Amino acid sequence: MKEQINSFLQKAQEELSACNSLKELNELKVKFLGKQGELTSFLRGMKDVPKEDRPEMGQLINNARNVVEQKINELENMFSQQELNEKLQNEKIDITESSKGIEKGELHPLYKVFDKLIDCCVEMGFKVITGPEVEYDYYNFEALNVPKDHPARDMQDTFFINDNILLRSQTSSVQVRAMQNLKPPFKVVSPGRTYRADSDATHSPVFHQFEGLVVDENISMIDLKSMLTKLLSMLFGENTKIRFRPSYFPFTEPSVEVDATCPSCGGKGCNLCKGTGYMELLGAGMVNPKVLEMSGIDSKKYTGFAFGPGVDRLAMVVNKIPDLRMMFENDVKFLEQLK
Ligand code: DAH
C-alpha cells in the first residue's frame with residue numbers, strides 16, 4: 001500500500017503539473033480527492049492493513065492528501081487570476097471613444113400645438129373637457145341641427161358603426177355634452193381625435209380637432225374675434241391679424257371661416273399663402289339658437305360662440321409643411337426639425 005500511495009502521489013503531481021485550465025483542474029480534483037477518488041479508496045483499504053502499520057499508513061495518506069490539496073489550491077488561484085486578467089484585458093474600456101450622447105424624447109409636433117392651445121385657453125379661464133370617440137349619431141349630428149336627411153351630412157364622410165353609432169367626425173359633439181351637463185355661463189375647450197373617410201395631402205382618416213364653446217349672457221361676434229385673435233397670435237406671432245368670411249355650418253348662425261395673416265410673410269403674400277397674405281384656418285360662429293334650445297339652454301337669455309380648428313392643419317401652418325402625411329410617417333429626423 002505504501003508503494004501505491006507513493007506512486008499515486010507522484011502520478012497526481014505529474015498530472016497536476018500538466019493541467020492547464022480550471023475545467024481540467026476540477027476534473028482532477030474529483031479524480032484524486034472526490035468520494036469515488038483514489039485517496040478515498042486508500043482509506044477504505046485501511047481495514048485490511050495490520051493494526052500496527054495503520055498509524056504510518058494513515059500519516060502517509062494524510063500527507064498525500066495535503067500535498068495534493070495544496071497543489072490544487074495553488075493552481076486554482078493561478079487559473080482564476082489568469083481568467084480575470086484575460087477578462088479585464090478583453091473588456092478594456094476605451095475612454096478616448098466619443099460618446100453617443102443621451103437621446104431625449106420629445107412630444108410629437110402635433111401635441112406641442114395641442115399643448116399651446118390648451119395652455120392659452122386655460123389662461124383665459126376655459127375648462128378642458130373630453131368626449132367619446134365612438135359617439136352617438138345624436139351628439140355628432142342631430143343635436144347639432146343636422147337631422148338624418150340633412151344635406152350637410154354630405155360635407156363629412158362619416159364612418160358609421162350602425163344606424164345610431166359612429167366614429168365622431170367632429171369634436172363639436174362635445175359641445176352638446178357640455179351644454180347638457182353644464183349650467184351657463186361656461187367656457188370649455190375639447191381637444192381630441194376625429195375620423196372621416198378621407199385621405200390625401202391635407203386629409204387623413206384620423207385627424208385632430210380643438211373645439212371651443214362659450215355660453216353666457218350678451219356674448220357676441222366681437223368676443224369670438226378677440227378670443228381667436230389672442231389664440232392665433234399666440235401660435236403664429238404677436239402681429240397676427242384675423243379676418244372672418246361668411247360661411248355655413250348647421251350649428252352656428254351666423255357662421256364664419258376664419259383666416260389669419262400668413263406667418264411666413266406677415267400678410268404681404270408668398271408661396272406658402274399662394275400670394276393671398278392669408279391662411280384659411282378654422283370654422284366658427286355664433287351658436288345656433290336652435291342648438292342651444294335642443295340642449296335645454298334658454299336662447300332668449302343666453303348666446304354663445306363656438307370654434308373648431310383642425311389641429312393637424314394648424315401644425316402644418318406652424319411648421320410650414322405642405323403635406324400632412326409627413327407628420328405621421330414617424331421619420332424622427334424630420335420630426336426633430338419641427339416646432
Ligand atoms: N366641426 C366643424 C368641422 O369639422 C368645424 C366647426 C365649425 C366647429 C364651426 C365649430 C364651429 O365649433 O362653430 O368642419
Worksheet item: In the range 144-159, what count of residues is obtained for those that are open to solvent by 10 Å² or more (accessible area, probe 1.4 Å), part of a loop (DSSP other than H, G, I, E, B) and either more than 15 Å from residue 211 (Cβ to Cβ) or of a type in the set (A, V, I, L, M, F, W, C) (or both)?
Response: 8
Discussion item. Can you find a residue that is polar (S, T, N, Q), in contact with a helix residue (DSSP H, G or I) (Cβ under 9 Å, 6 or more places away or on another chain) and away from the ligand (no atom under 16 Å from the Cβ) anywhere in the range 307-321?
Written reply: yes
Item to complete: Could you figure out which of (1) within 23 Å of the chain's Cα centre (by Cα); (2) open to solvent by 20 Å² or more (accessible area, probe 1.4 Å); (3) within 30 Å of residue 176 (Cβ to Cβ); (4) not small (Gly, Ala, Ser) isn't true of residue 311?
Response: (2)
Practice prompt. Report the residue count in the range 275-302 for those that are more than 13 Å from the ligand (Cβ to nearest atom) and closer than 22 Å to residue 190 by Cα.
Written response: 8
Worksheet, complete the sentence: Log entry, pairs with first residue in the range 186-200 being farther than 24 Å from residue 215 by Cα, second being within 11 Å of the ligand (Cβ to nearest atom), beta carbons closer than 6 Å, six or more apart or on different chains, reads 196/156; 196/169
Discussion item. Of everything in the range 222-231, what is surrounded by fewer than 19 Cβ atoms within 10 Å (Cβ to Cβ) and either among the aliphatic types (A, V, I, L, M) or within 32 Å of the chain's Cα centre (by Cα) (or both)? Give them in sequence order.
Written reply: 222, 230
Worksheet item: Any residue in the range 245-254 that is open to solvent by 40 Å² or more (accessible area, probe 1.4 Å) and more than 13 Å from the ligand (Cβ to nearest atom)?
Response: no
Item to complete: Could you tell me whether any residue of the range 131-143 is among the β-branched types (Val, Ile, Thr) and surrounded by 12 or more Cβ atoms within 10 Å (Cβ to Cβ)?
Response: no
Worksheet, complete the sentence: Within the range 160-205, residues over 24 Å from the mean Cα position of the chain (by Cα), within 13 Å of the ligand (Cβ to nearest atom) and of a type in the set (S, T, N, Q) come out as 169, 170, 172, 173, 175
Practice prompt. Determine whether the range 110-132 contains at least one residue that is in a loop (DSSP other than H, G, I, E, B) and over 30 Å from residue 308 (Cα atoms).
Written response: no
Worksheet item: Quick one: would you say residue 20 is in the same structural domain as residue 82 (by TED's automatic domain parsing), under 60 Å from the mean Cα position of the chain (by Cα) and outside any helix (DSSP H, G or I)?
Response: yes
Worksheet, complete the sentence: Of (1) within 13 Å of the ligand (Cβ to nearest atom); (2) over 20 Å from residue 192 (Cα atoms), residue 265 fails just (1)
Worksheet entry | Selection from the range 292-339 of residues that are in contact with a strand residue (DSSP E or B) (Cβ under 8 Å, 6 or more places away or on another chain) and of a type in the set (Val, Ile, Thr) | 297, 303, 311, 317
Discussion item. What's the number of the only condition in (1) without any contact (Cβ under 8 Å) to a residue 40 or more places away in the chain; (2) more than 16 Å from the ligand (Cβ to nearest atom) that residue 272 fails to meet?
Written reply: (1)
Discussion item. Regarding the range 208-221, can at least one residue be identified that is within 14 Å of the ligand (Cβ to nearest atom) and open to solvent by 30 Å² or more (accessible area, probe 1.4 Å)?
Written reply: yes
Worksheet item: Inside the range 232-244, can you point out the residues that are loosely packed, with under 14 Cβ neighbours inside 10 Å and either not assigned by TED's automatic domain parsing to the domain that holds residue 303 or not in a strand (DSSP E or B) (or both)?
Response: 237, 238, 239
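The values are calculated or read from the model by the stated rules, or taken from the named source; none is laboratory data. Treat the numbers as computed from the prediction; the structure is a model and nothing was measured. Cβ coordinates were reconstructed from backbone atoms using ideal geometry, including for glycine residues, and neighbour counts include every protein chain displayed. Please note that ligands, DNA and RNA were not included when accessible areas were found on the heavy atoms of the full protein model with its side chains. Shrake-Rupley method; radii C 1.70, N 1.55, O 1.52, S 1.80 Å.
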